[in-house]
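The values are calculated or read from the model by the stated rules, or taken from the named source; none is laboratory data. All figures in this text were calculated on a predicted structure; none of them were measured in a lab. Virtual Cβ from ideal backbone geometry, glycine too; neighbours counted across all protein chains shown.
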Amino acid sequence: MLLARAGRLAALLLLLATPAFAQSTPATVDSGDTAFMLLCTVLVLLMTIPGLALFYGGMVRKKNILAIMAQSFVLCAVVTVLWIVVGYSLTFGDGSGFVGDFSRLMLAGMAWTGPFTLGAQTAAPMAMTVPEPVFMFYQMTFAIITPAVVTGAFADRMKFSALLLLMTLWSLVVYAPIAHWAWAPLGWLNALGMADFAGGTVVEVNSGVAGLVCALVLGRRLGYGRDNFSPHNLGYAVTGAALLWVGWLGFNAGSAGSAGGRAAMAMVATQAAASSATLVWLGLEWVRSGKPTVLGAISGAVAGLVAITPASGFVLPGAALLIGLVAGAVCYWMVTEVKPRFGYDDSLDAFGVHGVGGGVGMLLTGVLAAGVLSADAAQPGGAYVAGLHLLAVQALGVGAAVAWSAGGTWALLKLVDAVVGLRVSEEDERRGLDEVLHGESLG
């Protein structure tokens, strides 16, 4: 026992004595990895525009379709500017364990052409084989889609001015710190060994919880529970869901950071989970209502994609199928049973699918992670192996993301309400946001 403790102490002292820059930067850029990451970046951007825009646009009423699509489109522009100016620095600047710093404002110090090491001057450097602009842009697409997902929870009732102010502040105050915790070399959850391959906490739990808080603070839509809120154009929604499914392959596989076996495994796991969740949702719906609906099929697919996101680089195909099965069932129950029972108006089920599905995926990663997939000499902390320790770390990560997202979103909503007001008037809501906010309509 004493020898074991002495050995661990010696290893710790050796680690502390090692210079922060001991891990060298790769000698050259790998053209294959770079091409792969560029492709994945485009795929993830397509998930927001046009994917999410069509998915959400098809599920609202005709009088609000342009407004919800505009939110995804304009947020793409807003977050791009924020990311270049300060967002990338706050997320991936060395800073502390809780947030980055301002050393990379306007992408200062960017390694534009050669390879780079993320956190080169820290004790946990991460060597990359792609130019830094590729990594920066890939991460930007995650920062873009996350606030866009949130908009589904408060569809049909928020002012456009409030949306712009809220999501500008939210991207910096809520998204950037959580992303830093999980993915930056010095992030405290990363240091604890949390396994979040592609954004179970950063994107999914974060957006879902923020969406729920928005829905609760704004209140229910006029006529909720009484009027017909059926999707206006399921064709749009199916097209959007299909783009999300295909784009998600890049979302997860690209999180490997290079073109290799890990990326291939993540892609296989993503396809498996999406498929099993689709079939489970359809099956439950078929038994309950007698008909398998198109809306149910696309909802199930997204639930599976959400749940596999944190696990995709850590689990084998059988485990991925199981994750999709559990997520499809749990998210179906949340949307069809829990939401009506409690009466909250999460308009397009951002919380029921993204928040809950992300949490399910994070916890199941702790139960199902196959260490062999992450047993890489370049992996900080070694392999991620399923067990009580990893499950506890996963639960801590989910809890931290829920707390920061809920508290930060609530505070920002109150601030925005005091400055510009959050909700359109009842008369404007009845007329529809397309005409009231944008002076346009589909005719």
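Screening G407 on (1) modelled with pLDDT under 95; (2) out of contact with any Leu (no Cβ under 9 Å at 6 or more places or on another chain); (3) not basic (K, R) shows it passes everything except condition (1).
P177 meets each of the listed conditions (1) on the phi < 0 side of the Ramachandran plot; (2) in contact with a helix residue (DSSP H, G or I) (Cβ under 7 Å, 6 or more places away or on another chain); (3) assigned to a loop (DSSP other than H, G, I, E, B) apart from (3).
Within the range 69-80, being under 19 Å from the mean Cα position of the chain (by Cα) and either closer than 21 Å to G109 by Cα or in contact (Cβ under 8 Å) with a residue 40 or more places away in the chain (or both) holds for Q71, S72, V74, L75, C76, V78, V79, T80. S103 - would you say it is among the hydroxyl-bearing types (S, T, Y), farther than 19 Å from S207 by Cα and in contact (Cβ under 8 Å) with a residue 40 or more places away in the chain? The answer is no for S103. Note on the range 406-440: residues that are surrounded by 14 or more Cβ atoms within 10 Å (Cβ to Cβ) and among the hydroxyl-bearing types (S, T, Y) total 1.
So, in the range 99-121, of the ones that are among the polar types (S, T, N, Q) and more than 23 Å from L172 (Cα to Cα), which residue ends up nearest to the chain's Cα centre (by Cα)? Break it down into steps so the answer makes sense when it comes.
Within the range 99-121, the first condition is being among the polar types (S, T, N, Q), and the residues that meet it are 103, 113, 117, 121.
Still in the running and more than 23 Å from L172 (Cα to Cα): 113, 117, 121.
Working: T113: 28, T117: 24, Q121: 28 Å.
My answer is T117.
Considering (1) surrounded by fewer than 21 Cβ atoms within 10 Å (Cβ to Cβ); (2) touching a residue at least 40 places away in the same chain (Cβ under 8 Å); (3) assigned to a helix (DSSP H, G or I); (4) not aliphatic (A, V, I, L, M), the lone condition that P133 does not fulfil carries the number (2).
Contact annotation: residue pairs with Cβ atoms under 9 Å, 6 or more positions apart or on different chains, pairing a residue in the range 210-226 that is touching a residue at least 24 places away in the same chain (Cβ under 8 Å) and surrounded by fewer than 16 Cβ atoms within 10 Å (Cβ to Cβ) with a partner that is among the hydroxyl-bearing types (S, T, Y) and in a loop (DSSP other than H, G, I, E, B), are R220/Y344; Y224/S347.
Taking the range 112-130 as the range and being surrounded by 19 or more Cβ atoms within 10 Å (Cβ to Cβ) and either at pLDDT 95 or above or farther than 19 Å from A179 by Cα (or both) as the test, the residues that pass are P115, F116, T129, V130. Taken together, V393, V367, V356 contain a single residue that is at pLDDT 95 or above and within 30 Å of S72 (Cβ to Cβ), which is V356. No other residue among V360, V315, V268, V326 is among the β-branched types (V, I, T) and under 30 Å from R221 (Cα atoms) apart from V360. Pairing each residue of the range 179-208 that is under 25 Å from M267 (Cβ atoms) with any residue that is among the hydrophobic types (A, V, I, L, M, F, W, C) and outside any helix (DSSP H, G or I), provided the two are 6+ apart or on different chains, yields C-beta distances under 7 Å for A182/M194; N190/A184; A195/F314; A195/A369; F197/A311; F197/F314.
Flag: V85 matches the condition of being in a helix (DSSP H, G or I), touching a helix residue (DSSP H, G or I) at 6+ places or on another chain (Cβ under 8 Å) and of a type outside the set (S, T, Y).
Can you go through V335, V326, V330, V372 and tell me which one is free of Cβ contacts under 8 Å to residues at least 40 places away in the same chain and either surrounded by fewer than 20 Cβ atoms within 10 Å (Cβ to Cβ) or at positive phi (or both)? Outline the logic, then answer.
Working: V335 fails: either surrounded by fewer than 20 Cβ atoms within 10 Å (Cβ to Cβ) or at positive phi (or both); V326 fails: either surrounded by fewer than 20 Cβ atoms within 10 Å (Cβ to Cβ) or at positive phi (or both); V330 fails: either surrounded by fewer than 20 Cβ atoms within 10 Å (Cβ to Cβ) or at positive phi (or both).
Among V335, V326, V330, V372, only V372 is free of Cβ contacts under 8 Å to residues at least 40 places away in the same chain and either surrounded by fewer than 20 Cβ atoms within 10 Å (Cβ to Cβ) or at positive phi (or both).
Does A162 satisfy the criteria of being crowded, with 24+ Cβ neighbours inside 10 Å, in a helix (DSSP H, G or I) and among the aliphatic types (A, V, I, L, M)? When the stated conditions are applied, A162 does not pass them. Residues that are buried (at least 18 other Cβ atoms within 10 Å of the Cβ) and of a type outside the set (A, V, I, L, M, F, W, C) within the range 252-274 comprise N252, G254, S255, G257, S258, R262, T270, Q271, listed in sequence order. Taking the range 143-159 as the search range and keeping residues that are of a type in the set (A, V, I, L, M) and in a helix (DSSP H, G or I), which one is surrounded by the fewest Cβ atoms within 10 Å (Cβ to Cβ)? Here the residue is A143.
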